[in-house]
Amino acid sequence: MGEVIVITSGKGGVGKTTTTANLGTGLCLLGKKVALLDTDIGLRNLDVVMGLENRIVYDLVDVVEGVCRIKQALIKDKRYDGLYLLPAAQTRDKNSVTPNQMLKLCDDLREEFDYIIVDCPAGIEQGFKNAIAGADRAIVITTPEVSAVRDADRIIGLLEANEIRKPLLLINRVRPVMVKKGDMMSIEDIIDILAIDLIGVVPDDENIIISTNRGEPAVTEDKSLAGQAYRNVAKRIMGEEVPLIDLSGQDGFLAKVKKLFGFRSA
Amino acid sequence: MKDETNKITFKGTAEGLVIIIPEQMDTDLVIKQIGNKVKAAEKFFRGAKLKVLYRGKELTEQEEEKLKDVMVKNSGVIIESINYELYEPPIVEEKHTQASGIPFRHIFFKGLDEGPCKFVRGTIRSGTRVLYEGNVVIIGDANPGSEIVASGNVIVMGALRGMVHAGADGNRQAIVVALKLSPTQLRIGDIITRCPDIPEEIQSRPEMATVKDGVIYVEPL
């Protein structure tokens, strides 16, 4: 029986879709059978980030409406075996699906896959309710910004109200130099406010933008620091104990040289 | 639904009479209902020799006897045998009946050369679907994430970057023309194709997509 993990944040643009793509790919690289589920109906992105947009024939709404079977709608990844995407519909809206239908869909997928990673839309309305309906666990994404942390706090409350216990926190786009200068909230500050367990910290990384635009998750790039962070998070999801990457000293001279190399070779 | 679960169906086949009994139905009710049904068609049954098969609920031998009695008594039918038949619903071979909004048909849209046509002015943006029973002309661009579905031809006087389905009722004779033809996905009739993953050099000349021998070809106009 597989596990359904929802990636959510409340606020938009903090990296839910990027995280979903990277964690899914990361878990697949660790030998698991993974399904990515895009619930952002009407504003789908996960297919673009995965570079699978041109393969879509059927989508999530077709599955719940019985137009096709789940297997027909699942898109096999072009690079990795064992990684599948169930895309959202683009020409419909969030009300095309109900939480009960999502629950059933998640239960059906559970039989086939080890992990089902659900990409949740921004907001706390119907789309959010659909996304969390079938979830066993939740990963809450935030960036070190007051507004994102505020929204994350709201989301944690809603998750707990919906019986999804112990959501995990992933802090995205951390810039250690700014934290050091006191211009950005530190990891400790955020954990202090949100009071949930941390599953990972992902540094701000230009490679993410490049890889997202290319449709290739950064987790596969050895040189990318964010990719490394996502690989570690994937291991932690599987229960492995991995220490946080030491981000201090990054953005220094050495990192700049590294970045230059990474940029050239990319 | 209640009617469905409590309804006995009679079917005449080459082998005889088939009675379909809902599985959760009460046996007394079954016998009573069959009795009534047979009585209603007394004239039809009288004197006829029948082999009876029944599906669904399995009956004991006594119950089978009872059933036989009630049928004979109510209509004067002669029952040669009565047997249970294990019946599994046939597995329906699934076909792509519909890929993008217009169902596949046996008779295609006839107006490929001359017929109804829809004109759309302006950019077709992501999340918009143009669905039409006929030919479609877009005067503008079609962006990624948009869908154009037509039972006839599709002409885009601009850049076609979204999904397009011409001959959406299954007609492979339909064509797609665009000033810049680079769709996320191109479908004609029941054939689906997509651009190669490695982007080719960007050309900006008008192109036409047609189907030849079951393959979609794209050629400059």
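The values are calculated or read from the model by the stated rules, or taken from the named source; none is laboratory data. Please read these numbers as outputs of a predicted model, since none were measured by experiment. Cβ sites come from the backbone with ideal geometry, for glycine too, and all protein chains shown count toward neighbours.
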Those strands (runs of 3 or more DSSP E) completely within the range B:135-214 that have 1 or more residues that are in contact with an Asp or Glu (Cβ under 6 Å, 6 or more places away or on another chain) and within 14 Å of chain A (Cβ to nearest Cβ) are B:163-166, B:176-181
Give me a count of the residues in the range B:4-57 that are among the hydrophobic types (A, V, I, L, M, F, W, C) and more than 29 Å from the chain's Cα centre (by Cα).
-> 15
Might you let me know whether the range A:13-23 holds any residue that is within 13 Å of chain B (Cβ to nearest Cβ) and touching a strand residue (DSSP E or B) at 6+ places or on another chain (Cβ under 6 Å)?
-> no
Within the range A:116-127, tally of residues that are buried (at least 24 other Cβ atoms within 10 Å of the Cβ), touching a Gly at 6+ places or on another chain (Cβ under 8 Å) and away from chain B (no Cβ under 14 Å) = 4
Can you tell me which residue among A:LEU86, A:LEU109 is touching a Leu at 6+ places or on another chain (Cβ under 6 Å), within 18 Å of A:VAL34 (Cα to Cα), surrounded by 15 or more Cβ atoms within 10 Å (Cβ to Cβ) and more than 14 Å from chain B (Cβ to nearest Cβ)?
-> A:LEU86
Could you run through the range B:123-168 and say how many residues are within 17 Å of B:THR210 (Cα to Cα) and of a type in the set (Val, Ile, Thr)?
-> 8
Unique residue being of a type in the set (A, V, I, L, M), in a loop (DSSP other than H, G, I, E, B) and within 19 Å of the chain's Cα centre (by Cα) when the list is A:ALA131, A:ALA138, A:ALA122 = A:ALA122
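Residue-wise test of (1) outside any helix (DSSP H, G or I); (2) within 14 Å of A:GLY215 (Cα to Cα); (3) within 14 Å of chain B (Cβ to nearest Cβ).
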site	(1), (2), (3)
A:LEU27	no, no, no
A:GLY31	yes, no, no
A:GLY42	yes, no, yes
A:VAL48	no, yes, yes
A:CYS68	yes, no, yes
A:ARG92	yes, no, yes
Do we have any residue at all in the range A:107-117 that's assigned to a loop (DSSP other than H, G, I, E, B) and more than 29 Å from A:ILE208 (Cα to Cα)?
-> no
From the options B:ARG105, B:ARG129, residue that is among the basic types (Lys, Arg) and either closer than 17 Å to B:GLU207 by Cα or more than 14 Å from chain A (Cβ to nearest Cβ) (or both) = B:ARG105
Find the residue count for the range B:102-128, including only residues that are under 18 Å from A:GLN90 (Cβ atoms), surrounded by fewer than 17 Cβ atoms within 10 Å (Cβ to Cβ) and under 28 Å from the mean Cα position of the chain (by Cα).
-> 0
Restricted to the range A:55-66 and to residues being buried (at least 19 other Cβ atoms within 10 Å of the Cβ) and either within 10 Å of chain B (Cβ to nearest Cβ) or assigned to a helix (DSSP H, G or I) (or both), the residue nearest to the chain's Cα centre (by Cα) is A:LEU60
Within the range B:44-63, identify whether any single residue is modelled with pLDDT under 80 and in a helix (DSSP H, G or I), and answer yes or no.
-> yes
